[in-house]
Structure formats: structure tokens, C-alpha cells
Amino acid sequence: MPTSISRARFTTDAVLAGVFAVLCLPFAALGGWPDFVVLAAFTAALVVRRRAPAWSLGIAWGAALLQMTMLRDLQLYDAAVLGVLYSTAAHGGRVLKWLGLASAGVGALLATGYLAVVKPLLDDAGFVGAGDPFSTVLLSAVLFVASIAVLVLAWTTGLLVRAVRDTREVRRREETATRERALVEYRYAVEQERNRIARDMHDVVAHSLAVVIAQADGARFAAPTRPEAGIEALDTIAGVARGALGDVRMLLAELRHHEAGTPQPVLDDLGELLEQVRAAGLDVRFTEAGERRQLGTGHQIAVYRIVQEGLTNALRHGDGSEPVVVDFAWDASGVELEVVNAMHSDSASAEPHTIRHGIPGMRERAQLAGGSLSAEAGDDGRFRLRARVPIQPGSTA
């Protein structure tokens, strides 16, 4: 059965076969037209050796038998047999591969009998000393060993090339499977984090709506007697609504219902978080620069969760004997936070493509809050987590 190969490879085989024919042409010219016929057959076998290895082996056998039938001498074009045997092992199927090995053994026997026995008997053009039976047997043995060694060597070379090619293909498939598995893990991590964000947003929206409803009811009852109280309530409603709108825009996944809500952390809870981590044995050094700005509830949750995940990573994967620096830098547009921890000495040798669930989750939170996040290991042996969370206009804490 023909093997599917590219046109470029088939063209290469044809060109190489043509070059081989040109090199053998002067030697074939010394023998006459029968050698031209055999040379043409061997050339055709080389042309299709990768596209149709079975046909190539059959054509080569036909050319060899034709050569012996016409009692032609050993020629340079007989080297084409080596290329054909190589291709049966390198490109043939399971049956053809072993047929190539069998052909090497049978071909060595036929070549030995033809060159050591048939030719000397028919045209007295055999080896020197062919009339001596002992010399004939000795030379036949030497010729057989040499023939089978060369033929089997060509077949074995093809088998080794096939093994190397199969090994590379297996490695390529394993790498592809690893990349696909890593992608699935990444998507799973992002989906899990989005579900957690959905639960957080559920509480944010519920709290905001409760405030809006309470203020609206108060304004409705106070408006006839205290108009100024109604105006203040409307201002509060507007601020809460704007903050809730910003939080809703952060929601990319469908809100999950029927789950019990729990109080969500805000910036004021960072102190308790740092104390918990310190109690776990980590030396956390917190610094804050600039005037703290007002962040919406969803943005505060994002900042808290990013710091929490950064400290968790430092606790699990960092060098606990070194301090961890948590730095907040406030400006008019938001806050830029950084968590820096020392890595273990063996962390640098860890696989760079390993995806931890925390990093995609933190990045997702930062992006949903309208900010950004980066995490990288520096040459100084420290892991740096940087995030930017902007201020949501009109938000309330």
C-alpha cells in the first residue's frame, strides 16, 4: 500500500535516484543494453522507496533476478539494493519490515551462489582458484558473510532510524498531551475562581440592594416633613447604586444561587489576615504609602483575596526563614500592591510551565476589577506578585 508522503520528499527521492543513475551510467554503458534495463529498474525502485516500499522491494527483486538471468556481472547499480532494504525497515509496515530482513538473507544466498558458482561454471569468469573445491567453498563463505553483513547492516540502519522517528513522535504526542492537560487545568482553575467571585458578588449586590431599599423607604416617609433628609437619602442611593453597578460589571460568570452567603472581607480585615499568617510562622512586613482611597466593596474583596493568595503561596512555596514584604502604594487612581517573598533554593529548578491554580485566579480577580496582575520569579531568588486595582468612581466602602 502506498505511503502518504509530501510532494517535496517524493521529489527529493526522484532527484537522488536520478543522480544515482547518472553515476552508474558509465559503468552500465560498458555492459550494453541489458545493464541499462537493470539500471532503469533499480532507479525506479529508488524513486518509490518511501512512497511505496512494497513496490520498491518487488521492483528491486525483479531487477536482481533479471540481472542474474541475463548473466550480467556485479555492477555499481547493485548498491540500490541497500537503499531499498533500508526503506523496508524505515518506512514499511510490520510485515514488509520483516520481509526486508528475509530478503537480505535470501539475497545474500542467491548472490553467493550466482557469483561463486553459476558465473564461474557458465563463462569461466569466477574467482581466482575457483577450480579448487576448497578455494571455492572458502571464497563462497567469505562472499556470503560479506554480502549478508552489508545487506543486514542497511536493513538495521533503517530500523534504527525508524525507532528514533517513533520515539520523537511519541515524545511530541506526550508534549501535546501535556500542553492540553495544562490548558484544561488552567481553564478549570479560572472557572473555579469565577465561581468564587460569583459568590462574592452575590453578597455585594445583596448588600447594596438592601441599602438602596432601606434608604428609599426612609426617604419616602421623610420627604413630606423633612425634604433635606430625602435629598441625603437620594445621594446615598446614587452612590451605593454606582458602586453596585461597578461590581456587577465585574461579573463574567452566571451568579450562583441557593448558596449561603458569608461576610466578605474588606481592607479593614487585612490586619487580621496578616496576624494569622504571622502566627503561622511567616515574618510579614507590611508597608503602606500614600493616602488610602475609597474602594468599592468588590474592589476591596479583590485586593484582600490577592494579598491572601500571595501570602498563601509564600507560606507554601517560599522560604519561611526570610521575611515577606507586603507593600501598598496609593495614588489618586487606585492602589498598587506588591507581595515579595524569597524562594526555596530548589524552586528555580521547578518546571516553568507548571500552572498553579492561585495565579490564574488572582489575575482573573484583578482583571474583573479593571486592573492587572503580574507574577514572576526574579534572578535574585525572590518571587514578586504585583497587582493594580483602580478606584471605581462613586463607590462606597
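Some notes on this structure:
- Distance between the 7 Å Cα→Cβ label points at Leu159 and Ser333: 6.9 nm.
- Difference of contour (0.36 nm per residue) and Cα-Cα distance, Phe286 to Ala182: 34.0 nm
- Around the Cα centre of the stretch 7-176, unit charges on the Cβ atoms of Lys, Arg, Asp and Glu (plus for the first two, minus for the last two) sum to a dipole of about 1000 debye.
- Packing-based ranking, highest mean first, of 284-293, 269-278 given that Cβ atoms within 10 Å are counted: 269-278, 284-293
- About its Cα centre, the stretch 267-390 has a charge dipole of approximately 360 debye under the convention of +1 per Lys or Arg Cβ and -1 per Asp or Glu Cβ, with nothing else charged.
- Tensor-based shape of the stretch 1-69 (alpha-carbon gyration tensor, a/c under 1.5 rounded, otherwise prolate or oblate): oblate
- Taking a Cβ cut-off of under 14 Å around Ala289, the surrounding Lys, Arg, Asp and Glu residues balance to a net charge of -3, with basic ones at +1 and acidic ones at -1.
- Cα gyration tensor shape of the stretch 7-176, rounded if a/c is under 1.5, else prolate or oblate by comparing a/b with b/c: oblate
- Sorted on the mean count of surrounding Cβ atoms within 10 Å across their residues, most packed first, peptides 73-84, 177-188, 99-110 read 73-84, 99-110, 177-188.
- Computed E for Asp268/Ile231 - FRET, C-beta separation, R0 35 angstrom, nearest 0.05: 0.75
- Amide H partners (placed H, <5 Å) of His344, local residues excluded: Asp319
- Estimated at 0.36 nm per residue, the fully extended path between Asp217 and Arg172 surpasses their Cα-Cα distance by 9.5 nm.
- Overall form of the stretch 37-112 per C-alpha gyration tensor (a/c, 1.5; a/b vs b/c): oblate
- Equivalent-ellipsoid semi-axes of the stretch 267-390, from the Cα gyration tensor, Å, largest first: 24, 17, 13
- Our estimate of slack between Ala149 and Val118, defined as 0.36 nm per intervening residue step minus the Cα-Cα distance, is 9.0 nm.
Readers should treat all values here as calculations from the given coordinates under stated rules, not as data from a laboratory. Only a predicted model underlies this, so the values are computations on that prediction, with no experimental measurement involved. Glycine gets a Cβ as well: all are built from the backbone with ideal geometry, and neighbour counts include every protein chain shown.
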